[in-house]
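As C-alpha cells, the structure follows; a few thoughts come after it.
The values are calculated or read from the model by the stated rules, or taken from the named source; none is laboratory data. Source: prediction; values computed, not measured. Neighbour counts are summed over all protein chains in view; Cβ atoms, including those assigned to glycine, are modelled from backbone coordinates with ideal geometry.
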Amino acid sequence: MMKEFAVIGLGNFGSTVARELAELKCKVTAIDRDKSRVQPVQDDVDVAIVADATDREFLVQLNVRRFNSVIVSTGEDAHAAILITLHLKGLEAQQIIAKANSEDHAKILIAVGATDAVIPEKQMATRLAHFLAQSNLIDYLPLAEDYCVAELDPPARLVNKTLEEAKLRSKYDVQVIAVKDGPSGEFKMVPGGDYRIKGSDVLVVLGKARDVDKLRE
C-alpha cells in the first residue's frame, strides 16, 4: 500500500522532504501559506495547497489521521510549528515529525505532541563528524551514485522465510547487510542464510536504488 504524507512548510527543508518522498513513490500533500513556495513543488507532488496550517479548521478538513506521517517545517516561525503540532496531536495524527530550531524548541514540540523533533543542522554536523572520525562505518560508506543503503519493513511475502529462501540477491540484486529487531532496536550484522525474517524486523539492505524500490513493492 502506498504511504501517504503531508508536509507543512515548504522552505528548503520541507520542499526537499516533499520531493524526496514523491521520488520514493509516496503520495505527498505539500502545504504552505506562501503561494511562492507552493508553486515550485506543485508538479512534483500529488497535492499542493496554499493554506495556513495554524488554522485548526483547515487541518480538520484535511483529515490528518489518514497520513502515515505529517512533517512540520515552518522555518524560523517557532510559534507556528508549536501551534500546528498541538492541533495535529489533538486531531490524532498518526505520527508528527517536527523540524526544530534549537534543543529547547525540540523539547517544547515533543511536549505538545510531536512524535519526534529533528534539528537538521545538528544531525548533519553529527554525521559529518562520524564520517571524518570513523569513515569505515557502513552508515557513512561512500557509494556509487545509483547505490544506496536503506532500511525497510519486510514485504509480507518474505515474512517467515529464511534469507536463503527469500533469494534477495538472485531475484532483486539486493544484499541484506543487517537486521534490526523492531521491539528491541538491536542489530544482527551480516545475518546468515538460515536467518528467518520476522514481521517486526527492519531489513538493512545494500543495492541499486531501483532494485531496493522493487523490493518495497
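Checked against the criterion of being among the hydroxyl-bearing types (S, T, Y), free of Cβ contacts under 8 Å to residues at least 12 places away in the same chain and in a helix (DSSP H, G or I), segment 156-174 contains one or more residues that satisfy it. Within the set Y195, Y147, the sole residue that is surrounded by 14 or more Cβ atoms within 10 Å (Cβ to Cβ), at pLDDT below 90 and not assigned by TED's automatic domain parsing to the domain that holds N68 turns out to be Y147. The set of residues in segment 20-58 that are part of a helix (DSSP H, G or I), closer than 30 Å to L152 by Cβ and not small (G, A, S) comprises E20, L21, E23, P40, V41. Of all the numbered requirements in (1) assigned by TED's automatic domain parsing to the domain that holds V204; (2) assigned to a helix (DSSP H, G or I); (3) modelled with pLDDT of 90 or more, I108 misses one, and that requirement is (1).
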